[in-house]
Structure formats: structure tokens, C-alpha cells
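Asker: My questions will all concern the structure given below.
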Amino acid sequence: MARKPKSDRESEKAIRGVDLNEVERLLVFMQKHRLEQFEYERDGVHIMLKKASGHSVGDVRSARASEPVGNQLMEEPASVPLPAAELPVQFVEGKAVTDELHLVKSPIVGTYYAAASPDAEPFVRVKAQVEEGEVLCIIEAMKLMNEIEADVAGEVAKIFVENGHPVEYGQPLFAIRPDRKR
Amino acid sequence: MFRKILIANRGEIALRILSACKELGVKTVAVYSEADRNSLHVRFADEAICIGPPRSSDSYLNIPQVISAAEIANVDAIHPGYGFLSENANFAEVCEASHITFIGPSPDVIRMMGEKDRARAEMGRAGLPIIPGSPGVVADEAMAKEVAAQINFPLMIKAAEGGGGRGMRMVRSKRELIRAFQTARTEAEQAFGSPNVYMEKLIEHPRHIEFQVLGDRYGNVIHLGERECSIQRRHQKVLEESPSSTLDPGDRRNIGEKVVEALRSVRYSSAGTVEFLRDVTGEFYFIEMNARIQVEHPVTEMVTGVDLVKSQIRLAAGARLEEVVGSVEFRGHAIECRINAEDPETFVPSAGRITTFRVPGGPGIRVDTAAHADAVIPPYYDSLVAKLIAHGRDRSEAIARLHGALDGFIVEGIKTTIPLHKRIIADPDFVAGKFDTHFLERLPAAAAAK
């Protein structure tokens, strides 16, 4: 939250915690193995890379065969990866492809506490089932303890903050996998 | 000196405060709304904390959020800038209670100056000339006649419980007085539920003259000269300058001494501005005091060489006035243009993305701005984009430099009032120093001027 990256280049090469260098490497990987879709999750960020439907790399290549766009395109399709920028991709942040993850964000500035008191059990752990309205944590602001409630029922998929750490407005606290409606 | 200061503001003034902090070696904490996530002061500050969604009331005006941010960042002091919480006595008290220094006057003084009637009464008692008027509500026709005899014509009858021109009447002679008194009361009752009116001398063709002051925590106060801010539109200042072409050194000394005396008597500390209207006969009338740093402070900085924001910080940290400002010398003339993101003719706000932003420079030119190419001017806050200040040996040189600077200030992607400023400084009356607060209304429209 509070600390900012020292170098501007570092901050340009990342979008919301997504390392673009890494994504480019993944795209090349997908190319190499002729993958249509690739998805993974790490550090609260979910990435899904998917080629535009109906096109394989080969199709895209043949559509451009008549255009002399560059030396690379003149070679055999299987051996030369397309520049990463030409592959249509989707960034899907914080959402699983199969189910939606609901983010609980801090409505106030303060200090995050996982439990009601230093020696008490935390309100929730990962994989806990919570009801709508259930207290997930406390955020202390100006000596007042504010209870933060779950706004959906479901399973706690991820906890983004550490006990005793400061949080700002809008900072993600929990990711909840909502229960499917009966 | 403070270790760390939280800047409870945004835009150009947040950057201004940030640069003063850097000069003093003080760490900075920026607080911002979601709309300002990419703004310059957020990027330049040592730490930054998001305090709410775009709306001011949910973010920059949200005292619990600001104080909470100050606590988790463990700051020593908060600089409130101008607007927002800068004249909120309650906020200043909450800061004190949280053991955070509020960089500004004490809560009591803020409160006093914020209640305009009370400020006028207190400053009147402390020796400042105030607008002659009724002591309070004018109860009946007999009292109306008495007050009129004292304050003379022309005078204004105003509703006590509201404004906006309702329940207001201008009276030029005794003949009109009683009927105006009666109709004002009726209108006031219909508009605000109370027929109560008060009376006040009408200052015709007024010039707005304000004095910059600085005070320390030990009761010492000085003034740093005046600014003339008569070029206004709907009571919003558009262009300001120092010195006023209408004051001679005698006037300056006279009113300056009265201002200092009055503020010493209330133990005023930090920066502030005492505002007057001056009528055609040269009489000054105190209207109000702004107990904070003002938008147009650079004008005084250019003429005196005193860094007002750095001074505020040093004074708040306990420095004595004589260490911070020795003696004040006035050199040359400075003029500031407030460049807003508005249509220069219709004044309709123009929010959006700036595509080109080329800022002028050269001798005697200063630009205070948080805008840049590719910046987005959000629709949630005031429309000030940049302040362009020109300083010269004298008023002519300042105006000449301003011409060049306005021509060289290129902003594309949004509309700005740069063309309006070009017309103002080209106007013969402006150049001759002959104007009052109605100047802008009388300025011919651009099409007519061609």
C-alpha cells in the first residue's frame, strides 16, 4: 500500500501486480506448445491467457501470408513464435474462469486485525465457510474497532493482508468464493 | 522540525506543500481519492494512502479517514492547504486531540474567523475599519431610519437568514427607504421563513485589497504587503497582483499597522489573509479573514522573496517569526493568472484528458501546476489547472512578461481560460490600473473586441 516502487521502469512493466515480462514469456510458451488457453493464479492475481476463439496460430499466420510484414512471417509456422503483442489476450484479474471470486475491500483507512484480541482465534481462516454478514476481521481506525462483515456467503479463498498491518481505502482484504445459488 | 507531514489536499497546492517539505528535509505522506490515484503529488510523495472514492465528502473532507491515515503513517503534522479542511475548526481540534500538529492557526481563531459576523465584530473592536451597518437585525421602521441616518446612502438591506439576492434591496435615498425595508422583509419571509433583515453601507465600485500576514506561536505578527484581487467573476478571483496600483506607501503602512495590531490581539499564528473592500474615496472596510494559505500566495512570494508555505511549516514547528522572516522588503511587481479548465467565454467546465501541455519559462515566470500531458482533469474538484505568475521590475514589465508567457502556454485536449487572461491584460483600463470588482462584467466579449 504505502511504499512505492523506486524505479519508474519497474512500475511501467507491471500492471496491478501483473509482471508483463512474465506474461510475455508465457505467451511464447503458449505459442511453442500450440496452447489455446492458459490460466494460473498467484498472489491474489488470476491470469487467463486465451487466443481469440476460432483461430489457431496457423490460421492467423495464413491470413497474413500475403502481407510481407517481416522476415519472421516468411518462415515455417511451427518454428517461429509470433511476437507476443500479436496474440490477442485477455487479462482477467481476481476472477477464476470457472467460478467468480468476490473481493472484500477495506471501506476505511486503518489497521487490520485478524482476531478480536491478541490471544483470540482469528475470525476466519482460508477455506472457512462464511455467511453473509459474518464478521471477517476488525479494522481499527482512530481507536475505534470496526467490524468488517462478509457481503456474500461462501468460502474464504484467500486472505491478502497480515495481522497488524495498515490498510487503505479500497485495499483487497479477502477473496470469497460465493456459494452457488440453490 | 517535523519528521513527517501529511498533506491533506490535492492538485497544485499539494505539490506546493510537498516541495516545501522536501526543502526542509521532511518526509511526506499524500492522501488521495480514487480519482487522484495517478496524480503527481501521489507519485512524488514518500508514502501515499488512498482514503476514499472520488467525491470530496467521502475522501478529502472525510475527517476520520484523514486522521486514520495520519495515524497509521505516524505523522507529526498535517498541512491542510486551502479549501477542504483548512478552515474546519473541528478538524484542527481532532488533530490536536490526536497529538498531530495542525499547520495553521489555533482552532479558536479558525472558528472566530469562520463566523463572519463574529469576525467583523471582533476585528472592529480590535481596531480594523468595518463596513458601517446595523448592530444586528433591524427591528422596525424607526430603527431603519436611525441606521440610515448613521451610515448614509447608498445602502443595502439584506436578509439575515439567507442570500442569493433574495430579501435584498439597494436603497439610494431616504425616499425609497421604508418601502424597500417593507418589501425586503416580505421577500425574506417568503424565501427563508424569517422577515429579519439587517442594513449595511453599500460600497460602490469597490476594489478588493487583501493583506498577507504571518504569525508565530509567541504572539508575533507581521504583514507582507497587500494583493489586489479586484478581477473577479461571480466572487471568484481570476487574476491577482501585488502591489496594488492604488495604494501609496502611506496607505500601506497605515492599514498594515492596524492589521498587525488586530491580529496580535487575538494571537494569530501561521499564515492568513485579511480582506478589505476599498471604496472610491479610499476608505478601507474589513470584510473577512481567511485563516489559511491562499491560492494567490505566489504573488506575495515573488515580491517579498519569502516562502510562505515553508514559513508556515517552520512556524508551526515552533520557530520564532524573526528567525523565519527577518525584515520584509518589496521588490518589483507580480501578477498571477488563475488558469481554469473552463471555456474562456461561457466558463462551462472542461474536464478530460490533456493532450499537450507546454509550460512557459524565462526570467520572472513561475508556473504552479499539477497538470501535465496525458493527465486527466477529473470532474469532481475545482477547475484550477495552473497558476501562471509573472514578476517584473515594475507593473509594465510584469504585464509584458505575462503576454509572452500566456502566448507560450499551450494546452490542448481541454479548454482553458488562457484566452480570457490575454484579453484582460490587453485591456486599456487594466493596464491603466483603473478597475474595480465589476471589471470582468464590463470586459467586452471576445467577438465584440475584435
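Only the coordinates and a few stated rules stand behind these numbers; no lab work does. In this text, all values refer to a predicted model and were calculated from it rather than measured experimentally. All Cβ positions, even for glycine, are placed from backbone atoms using ideal geometry, and neighbour counts span all protein chains on display.
Asker: Among B:E412, B:E176, B:E204, which one shows the highest mean-square fluctuation when chain B is modelled as a Gaussian network with alpha-carbon springs under 10 Å?
Answerer: Residue with maximal mean-square fluctuation among B:E412, B:E176, B:E204: B:E176.
Asker: Another question about this same structure. Please check: in the Gaussian network model of chain B (C-alpha springs, under 10 Å), which one of B:M113, B:M143, B:M289 has the largest mean-square fluctuation.
Answerer: The residue with the greatest mean-square fluctuation here is B:M143.
Asker: Follow-up question, since we're still on this one. Would you please name the GluC sites (Glu not before Pro) within the range A:142-182 that are DSSP coil residues with at most 16 other C-beta atoms within 10 Å of their C-beta?
Answerer: Sites meeting the loop and neighbour criteria: A:E162.
Asker: Could you work out the helix-only [θ] at 222 nm for the protein assembly as shown, with each DSSP H run of four or more residues adding -39,500 (n - 2.57) and the total divided by the number of residues, to the nearest 500 deg cm²/dmol?
Answerer: Using -39500 (n - 2.57) per qualifying helix, the result is -8500 deg cm²/dmol.
Asker: Further question: How shielded is B:61-71 by partner chains, expressed as the average number of their Cβ atoms within 10 Å of its Cβ atoms?
Answerer: Mean shielding count: 5.
Asker: Within 10 Å of each residue's Cβ, count the other Cβ atoms and sort B:Y285, B:Y218 from fewest upward.
Answerer: Ranked by crowding around the Cβ, least crowded first: B:Y218, B:Y285.
Asker: Here's something else I'd like to know. Students often forget the sequence filter, so: which aspartates and glutamates lie under 16 Å Cα-Cα from A:K32 once same-chain residues fewer than 8 apart are removed?
Answerer: Candidates past the 8-residue exclusion: A:E22, A:E24, A:D59, A:E75, A:E76, A:E86.
Asker: Name all residues of the range B:81-109 having a backbone nitrogen under 18 Å from the label point set 7 Å from the Cα of B:R55 along its Cα→Cβ direction, giving them as ranges.
Answerer: B:84-85
Asker: Here is the link list: B:K22/B:K310; B:K116/B:K434; B:K145/B:K258; B:K237/B:K258. Which ones come out longer than 21 Å on Cα distance?
Answerer: B:K116/B:K434; B:K145/B:K258; B:K237/B:K258
Asker: Let's test the formula: R0 of 51 Å, r as the Cβ-Cβ distance of B:E283 and B:A351. What FRET efficiency results, to the nearest 0.05?
Answerer: 0.75
Asker: Same structure, new question: Classify the range B:106-198 from the C-alpha gyration tensor, please: rounded if a/c falls under 1.5, else prolate or oblate depending on whether a/b exceeds b/c.
Answerer: Oblate, because a/c is 1.5 or more while a/b does not exceed b/c.
Asker: How big is the charge dipole of the range A:102-178 about its Cα centre, in debye rounded to the nearest 20, if each Lys and Arg gets +1 on its Cβ and each Asp and Glu gets -1 on its Cβ?
Answerer: In debye, rounded to 20, the range A:102-178 gives about 260.
Asker: Let me ask something else about it. Let a ≥ b ≥ c be the square roots of the eigenvalues of the Cα gyration tensor of the range B:296-450; is it rounded (a/c under 1.5), or, if not, prolate (a/b larger than b/c) or oblate?
Answerer: oblate
Asker: Multiply the residue separation of B:E141 and B:R175 by 0.36 nm, subtract the distance between their alpha-carbon atoms, and state the gained length in nm to one decimal.
Answerer: Gain on extension, B:E141 to B:R175, equals 10.9 nm.
Asker: Mind checking the full-extension length gain between A:L144 and A:E162? Use 0.36 nm per residue of separation minus the Cα-Cα distance, one decimal, nm.
Answerer: Between A:L144 and A:E162, full extension yields an extra 4.6 nm.
Asker: Order these by the 10 Å Cβ neighbour count, fewest first: B:I78, B:I313.
Answerer: B:I313, B:I78
Asker: Using only alpha carbon pairs under 8 Å that are at least six residues apart, calculate the relative contact order of chain B and give it in whole percent.
Answerer: 14 percent
Asker: In whole angstrom, note down how far apart the Cα centers of the range B:336-410 and the range B:75-141 are.
Answerer: 31 Å
Asker: Shape verdict for the protein assembly as shown, please, from the Cα gyration tensor: rounded (a/c under 1.5), prolate (a/b greater than b/c) or oblate.
Answerer: Judged from the Cα gyration tensor, the protein assembly as shown comes out prolate (a/c at least 1.5, a/b above b/c).
Asker: Obtain the nm distance between the two label points defined at B:R166 and A:E22 by a simple spin-label model: each point lies 7 Å from its Cα along the Cα-to-C-beta direction.
Answerer: Distance between label points: 6.1 nm.
Asker: For a paramagnetic label modelled at 7 Å from the Cα of B:E23 toward its Cβ, which residues of the range B:1-16 fall within the zone defined by backbone nitrogen distances under 16 Å?
Answerer: Within reach of a label on B:E23: B:2, B:13-16.
Asker: Between B:V431 and B:S245, 0.36 nm times their residue separation minus their Cα-Cα distance comes to what?
Answerer: Additional length available on full extension: 65.9 nm.
Asker: Hey, another quick one. Set the Förster distance to 56 Å, then compute FRET efficiency between A:V126 and B:A373 from the Cβ-Cβ distance, nearest 0.05.
Answerer: 0.80
Asker: While we're here: For the residue pair B:R358 and B:R253, what label-to-label distance in nm results when each label sits 7 Å from Cα along the Cα-to-beta-carbon direction?
Answerer: It is 4.9 nm.
Asker: How big is the antiparallel share of DSSP beta bridges in the protein assembly as shown, given as a percent to the nearest 5?
Answerer: Expressed as a percentage, antiparallel bridges in the protein assembly as shown total about 85.
Asker: Say R0 is 35 Å: what FRET efficiency, to the nearest 0.05, do A:Y40 and B:R3 get from their beta-carbon distance?
Answerer: Using R0 = 35 Å, I get an efficiency of 0.25.
Asker: Which residue, B:P428, B:P344, B:P243, tops the fluctuation ranking in a GNM of chain B built on C-alpha contacts under 10 Å?
Answerer: With Cα springs under 10 Å in chain B, the top fluctuation among B:P428, B:P344, B:P243 is at B:P428.
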